[in-house]
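Visitor: Below: one structure in structure tokens.
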């Protein structure tokens, strides 16, 4: 290594996770996550606008340009937008989770190319940090279950409508049903429309997650740790009878693990 050049463990990494609803950014110094930021995902974002957002976030964090960057994006029209913005906003390389990036995962999925970049990052972090077998429940626009079997392979998963999506669909499909606050009601049996909807949407999601976890453990043939991440994970975990570990930084840390496996220099 040339004099003055940083080692990999000294480099700053900017990890960007672009979801359908929100975009999360995390800045790593070595292996430490030193700052996070959350933005609303806009499908019509341009590369220049993304660069401006990155500059504002880094300024708020009090940081200069990161050495490297890594991107996970589940919105196809934004992948190249964010890639170009990251290339212009870091002094080193910008990596994109997708074909050509090493994951170290053995896939039991019929078509591995169908697995979203965020799901890959979740599985990589869960296996590295919690061992195998392990189950991830990621709450967002969709509710995703990711299953790592006892051999450390990605066994597959479950994709269901997310909590907010379910509530919005219910309100939009029925003219007399309002939008509701996504919180658990005082009782299962609602005594007004809003509490009845909260019971159906929120407690219904709890029941679905519980039932699916039971079914997953049955297919695995053994209990496995459950890691929950994403929107409202802390509140949802408190409603479950299954013991779960809430890890809000799981996806970002998965991107860090992927960068470590693929970095050059």
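The values are calculated or read from the model by the stated rules, or taken from the named source; none is laboratory data. Everything numeric here is computed off the predicted structure, so don't read it as measured data. Quick reminder, even Gly has a Cβ in these numbers, built from the backbone with ideal geometry, and neighbours come from all protein chains shown.
Visitor: Being farther than 29 Å from residue 16 by Cβ, surrounded by 12 or more Cβ atoms within 10 Å (Cβ to Cβ) and in contact with a helix residue (DSSP H, G or I) (Cβ under 6 Å, 6 or more places away or on another chain) is the requirement here; does residue 246 meet it?
Guide: No, not satisfied.
Visitor: Out of the residues in region 109-124 meeting the condition of being farther than 12 Å from residue 146 by Cβ and in contact with a strand residue (DSSP E or B) (Cβ under 9 Å, 6 or more places away or on another chain), tell me which one is surrounded by the most Cβ atoms within 10 Å (Cβ to Cβ).
Guide: The residue in question is 117.
Residues are listed down the side, and each one gets a yes or a no for (1) over 26 Å from residue 69 (Cβ atoms); (2) in the same structural domain as residue 162 (by TED's automatic domain parsing); (3) within 12 Å of the chain's Cα centre (by Cα); (4) modelled with pLDDT of 95 or more:
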site: 103; (1), (2), (3), (4): no, no, no, no
site: 124; (1), (2), (3), (4): no, yes, yes, yes
site: 134; (1), (2), (3), (4): yes, yes, no, yes
site: 138; (1), (2), (3), (4): no, yes, yes, yes
site: 145; (1), (2), (3), (4): yes, yes, yes, yes
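Table: residues versus (1) surrounded by fewer than 16 Cβ atoms within 10 Å (Cβ to Cβ); (2) touching a helix residue (DSSP H, G or I) at 6+ places or on another chain (Cβ under 7 Å); (3) outside the structural domain of residue 163 (by TED's automatic domain parsing); (4) not in a helix (DSSP H, G or I).
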{"position": "197", "(1), (2), (3), (4)": "no, yes, no, no"}
{"position": "203", "(1), (2), (3), (4)": "no, no, no, no"}
{"position": "216", "(1), (2), (3), (4)": "no, no, no, no"}
{"position": "223", "(1), (2), (3), (4)": "yes, yes, no, yes"}
{"position": "229", "(1), (2), (3), (4)": "no, yes, no, yes"}
{"position": "238", "(1), (2), (3), (4)": "yes, no, no, no"}
{"position": "241", "(1), (2), (3), (4)": "yes, yes, no, yes"}
{"position": "258", "(1), (2), (3), (4)": "no, yes, yes, no"}
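Visitor: Can you spot a residue in region 51-67 that is under 22 Å from residue 254 (Cβ atoms) and either assigned by TED's automatic domain parsing to the domain that holds residue 140 or at pLDDT 95 or above (or both)?
Guide: Checked region 51-67: no residue is under 22 Å from residue 254 (Cβ atoms) and either assigned by TED's automatic domain parsing to the domain that holds residue 140 or at pLDDT 95 or above (or both).
Visitor: Same structure, new question: Check 171, 187 and return the single one that is part of a loop (DSSP other than H, G, I, E, B) and assigned by TED's automatic domain parsing to the domain that holds residue 240.
Guide: 187
Visitor: Under 30 Å from residue 148 (Cα atoms), surrounded by fewer than 16 Cβ atoms within 10 Å (Cβ to Cβ) and outside the structural domain of residue 156 (by TED's automatic domain parsing) - does that describe any residue in region 69-79?
Guide: Among the residues of region 69-79, at least one is under 30 Å from residue 148 (Cα atoms), surrounded by fewer than 16 Cβ atoms within 10 Å (Cβ to Cβ) and outside the structural domain of residue 156 (by TED's automatic domain parsing), which makes the answer yes.
Visitor: When you go through 163, 212 one by one, which is the residue that is surrounded by fewer than 19 Cβ atoms within 10 Å (Cβ to Cβ) and in contact with a strand residue (DSSP E or B) (Cβ under 9 Å, 6 or more places away or on another chain)?
Guide: Answer to the selection: 212.
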